[in-house]
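Worksheet: one structure, shown below.
The values are calculated or read from the model by the stated rules, or taken from the named source; none is laboratory data. Here the structure is a predicted model, which means the values were calculated and not measured. In this analysis, Cβ positions are derived from the backbone assuming ideal geometry, glycine residues included, and neighbour counts consider all displayed protein chains. Keep in mind that these areas ignore ligands, DNA and RNA; they rest on the heavy atoms of the full protein, side chains included. Shrake-Rupley method; radii C 1.70, N 1.55, O 1.52, S 1.80 Å.
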Amino acid sequence: MSELDQNQLEAEEDTQKGKFLTFALGSEVYGIEIKYVTEIIGMQTITEVPDLPEYVKGIINLRGKIIPVLDVRLRFKKTAREYNDRTCIIVVDIKEVAVGLIVDTVAEVLNIPEQDIVLPPQVSNHDYQRYISAIGKVGQDVKLILDCNKLLNDEEAERLEIVR
Amino acid sequence: MKVLTVDDAVFIRVTLREMLERHGYEVVGEASNGIEGVKKYNELKPDLVTMDITMPEMDGIAALRKIKQINPQAKVIMISAMGQEKSVKESILAGACGFILKPFNEEQVIRGLSKFKS
Amino acid sequence: MVSEYSQVSGPGLFVFETNQLLDKLELLILGSEKNGGLQASMDEVFRIMHTIKGSAAMMAFQNISLVAHSVEDVFYFLRENRQTTVDDSKLTDLVLSVVDFIKGEIAKLETGKSLTGDASGLTNAIQAFLAEIKTLDPVLAGLPLKSDYEVMRQSFIEACRIEGEEGQTICEAVVFFDDDCGMENLRALTVLSELGTYAQKLEYAPGDIVENDATADLIRYEGFRIWFTTTASMTALHDFFAQVMFLKEYSLMAIDHSDASKPRIPRCIDLDGPLVTASESAGQPADATGDSEQSLAAKQSFISVNVAKMDTLMDLVGELVIAEAMVTQNPELQDLNLDKFFKAARQLRKITGELQDVVMSIRMVPLAATFHKMTRIVRDMARNLDKQVELEIVGEQTEVDKNIIENIADPLMHLIRNAVDHGIEPVDVRAAKGKPLTGKVRLEAKNSGGDVWIIVQDDGGGLNREKILQKARERGLLDQDDSGLTDKQVYAFILKPGFSTKECVTEYSGRGVGMDVVAKNIAAIGGAISVDSAEGVGTTMSIRIPLTLAIIDGMTVKVGDSVYTVPTIAIKESFRLREQNLITDPDNREMIMIRGQCYPVLRLHERFKIKTAVADLYEGIMLMVELEGKSACLLVDALLGQQQVVVKALPGYIKKMQGIAGCTLLGDGSVSLILDVDGLIQT
């Protein structure tokens, strides 16, 4: 998608601007721009696909459409946690690729005004740092805003994994 | 106003349909050759027929003659190309009430047909 | 153009239809080349060119329109002068170059490029050709009829009057047409023809509008003048003129009787009798009508459908089949006594089954169009290589899935090129060998079981076993003693990457596409290719392709918690292992010995890293699979059942992996991976 198209989309989706879907991984709260989110579903039967990175759990059947699901915990190199009835799959559509993101639990939809969104601190030793595009301040809390593109297509990260 | 378009080129038929429907004409049928055109004329009794001249099976002039036999008052407009003077003459003498030359544009078609819109 | 009106509909339909016409034209030309020249099919060639010209002009593709027009002119002339003799091969070449040119332009259009081709050279050549055949005919050498504008003008300036009878009004009307309407003289003729209902006597100027098309210019600038006697009211006459197409302006007035003087130039026209020229050409199409009336019914019963819609329909039917199974085989229905329900369910199943069959059959397309493209290739190559080659097409009506058609054309073209280029010998060589001078390439399609076979056979020089073996040794493709290899195994080497036994590179080889690419492309659509040959006698390439890619018969098997689908076509048998069958080779590889044959063991749970309780070879089920002569025994936990499944592609995000061909939805809505047996055996 060209920048122009993106701008147009953003203009059209003015009502969605500044809105974020927040979800939790353990004690940390993350946000995804609402425009990427198509739906939130409960845990599904996942069909494992061999020879994939650990964080790609497999594929699911979303009303006849086959989409891959990623475990965000594993993507961020956090310890795995067993899925329970609070586990959710957030279906996002990024550049026309539909992907399910498995998260501990979905929190709420938040309005974060532009002035409360700041760049993340440069120094960090966390693996998930690379997937954070900004930090949103809501009262005393901070929400880590995800860079969805990187989450899906981080070639650099792939290479690093191979080296390890 | 009900129009029947007869042309062997789908492209022309679709183009005409789009043009006409944008201007309140009702394209009630399409035919891809003369035989089919005469048949459809009989069935649909359109107010106006646009008729290509060069077509397989039965050409537009023969079809025009048949339609005129069915209904001497039938309004048939020939769709012709530059260089087809001879065929155009023939069709006028056979009772065509006018002709449109290819290539045509929407404005021309609508202008030409507007004379028949009552 | 005025902007309030949008341009004609997009180029998609134009591209589609023109391509169809061009294909038809090409067939026609190539067919007529065999059957005594273009004369027989010139009506159709004329019509096709006429249609292309018209449509191209509508799209404002001047270059296409002009070149098509020039061909149309030639055929128009030939139609009118059927006795004219022409150089058929020259005409054929000209028309084919026009086909190529237009095809090239259309291809640009399809890829969204602008049309830049210059056909003026071609157009000139065709016009020169037309001029040439015209001079051959002394009677027609003087065409066309043109008259001097000034003379016309002179004659027009002299005013004209006619006399009326009692009770009739004499009227004079001057009519001007819209600037862009064209053929003004014939517009004027239309006015006369229609005015005939109101007028008794009728005179007009200019007077030679029927014979002289140059009067169009005069009318455009000076108007068309009519004098007539009528009993109709002026209101009725005004209504009449208001209905004339493309009428820009007109004046209508009753004139004084006494003023009348005899007109000199205007003349009367007999509105009831046809023109001589008109009756002449009217006979022509009428004849054609009788001949082809029967074929009409068949032609008209086809419609064109967008492929995307077909694919959607196909998907939906697939979903329907699954949904049907989910309802009728719902576990909650078990142990219930529902006679009526199951009766209705059987009916539903029957209908969905039929629906599926019909949808599948809709996607089936005959190979004819693809095959006939090859005719042209063979013809052109034979000419350029100075060989004599005849292409024989057998079974062109054989149908395969639309997806397959799209993917088979390129490999097929390559095989045909190979056959003509490398297979068929030059004429002198054939003569020396005592073979018929004209080489033969046979392109055959046939159904056999669930597969379609496409066979390309030539009666050329054949393959040389020793040369291939030598090359294989050079390339390091042979690692052991080669004396035991069968001919087929040896010939199969030519399908390997980087293998070519041809030293000379001609226009048609050495394009960077080898037989290995052909083999790969065919494998990509689930097919396989094999080579057979006899030196000096010829070569046969046999391609086996599945009828369809979209629905396959599958065996569902369980491995741990996963359910995989194995294409039934690849399964030879399933069995439980007995101790005496298992052998271990020195490298500690497990092999199963059945009926004297050794098969390697592939534990699916190991291959796919799945946790399962059934790791022991004796506990699980062995599934013997075979594809293209290679076999293996797969260890699975259990067999679940056999069913037709709709093949779906894996999401693009998941990179293609060896051993998995795609996925499918099972009756319970879960996803099952479909094994790629070929890929599994290779690893």
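Would you mind estimating how fast region C:366-458 diffuses translationally, via Stokes-Einstein at 10 °C and 1.306 mPa s with the Kirkwood radius over Cα pairs, in µm²/s? It diffuses with D of about 116 µm²/s by this estimate. The string of couplings for region C:311-324 from the Karplus curve (6.51, -1.76, 1.60, θ = phi - 60°) is 5, 5, 4, 4, 4, 5, 5, x, 4, 4, 4, 5, 4, 4 Hz, one whole number per residue in order, with x for Gly and Pro. Specify whether the C-alpha gyration tensor of region C:365-546 places it in the rounded, prolate or oblate class, a ≥ b ≥ c being the square roots of the eigenvalues: rounded for a/c under 1.5, otherwise prolate if a/b is larger than b/c and oblate if not. Cα axes put region C:365-546 in the oblate bin.
Which order do the peptides C:368-381, C:597-610, B:89-102, B:30-43 come out in when sorted by mean C-beta neighbours inside 10 angstrom, highest first? Mind dumping the intermediate values first?
On the way: C:368-381: 18.6, C:597-610: 16.9, B:89-102: 24.6, B:30-43: 20.9.
Taking the mean over residues of other Cβ atoms within 10 Å, the ranking is B:89-102, B:30-43, C:368-381, C:597-610.
For region B:2-114, the tally of Lys pairs with Cα-Cα distances below 19 Å comes to 20, considering only residues 8 or more apart or on different chains. Near the amide H of A:Thr38, within less than 5 Å, lie the amide hydrogens of A:Val91, A:Val92, A:Asp93, all on another chain or at least 5 residues away, with H placed in the peptide plane.
Between C:Ala368 and C:Ser120, what FRET efficiency comes out of the Förster formula 1/(1 + (r/R0)^6) with R0 = 35 Å and r the beta carbon distance, rounded to 0.05?
Efficiency for this residue pair is about 0.50.
To the nearest 10, the accessible area of C:Thr85 is 100 Å² with a 1.4 Å probe. Here each label is just a point 7 Å from Cα along the line to Cβ, and for C:Ile351 and C:Glu390 those points are 5.4 nm apart. Residues of region A:42-60 whose accessible area (probe 1.4 Å, heavy atoms of protein chains only) drops by at least 30 Å² once all protein chains are present, relative to their chain alone: A:Thr47, A:Glu48, A:Val49, A:Pro50, A:Asp51, A:Leu52, A:Ile59.
Which order do you get for C:Asp451, C:Asp180 if you rank them by accessible area with a 1.4 Å probe, largest at the top? Kindly include the intermediate steps, with their values, before the conclusion.
Numbers: C:Asp451 20, C:Asp180 75 Å².
Per-residue accessible area, sorted high to low, gives C:Asp180, C:Asp451.
The mean count of C-beta atoms from other chains within 10 Å of the C-beta of residues in C:341-354, rounded to a whole number, is 0. Amide hydrogen proximity for B:Ile79: with H placed 1.01 Å from N in the peptide plane, the residues at 5 or more positions away or on another chain lying under 5 Å are B:Met51, B:Asp52, B:Ile53, B:Ile100. Chain A and chain C together bury an accessible surface of about 1600 square angstrom, both sides counted, with a 1.4 Å probe and no ligands or nucleic acids included.
In sequence order, region A:28-43 has phi-based couplings of 8, 10, 10, x, 10, 4, 5, 5, 7, 7, 9, 6, 10, 10, x, 5 Hz under the Karplus curve 6.51 cos²θ - 1.76 cosθ + 1.60, θ = phi - 60°, and Gly or Pro positions carry x. Relative protection proxy for C:86-94, B:107-115, B:46-54, from highest mean packing down: B:46-54, B:107-115, C:86-94 (other beta-carbon atoms within 10 angstrom).
Phi angles of region C:59-68 translate, via the Karplus equation with coefficients 6.51, -1.76, 1.60 and θ = phi - 60°, into HN-Hα couplings of 7, 6, 9, 4, 4, 5, 4, 5, 5, 5 Hz per residue; Gly and Pro are given as x.
For the pair region B:7-79 / region C:201-223, the C-alpha centres are spaced 29 Å from each other. Taking a ≥ b ≥ c as the square roots of the eigenvalues of the alpha-carbon gyration tensor, region B:2-114 is classed rounded because a/c is under 1.5. Summed over the residues of chain B and divided among them, the accessible surface reaches 31 Å² per residue at a probe radius of 1.4 Å.
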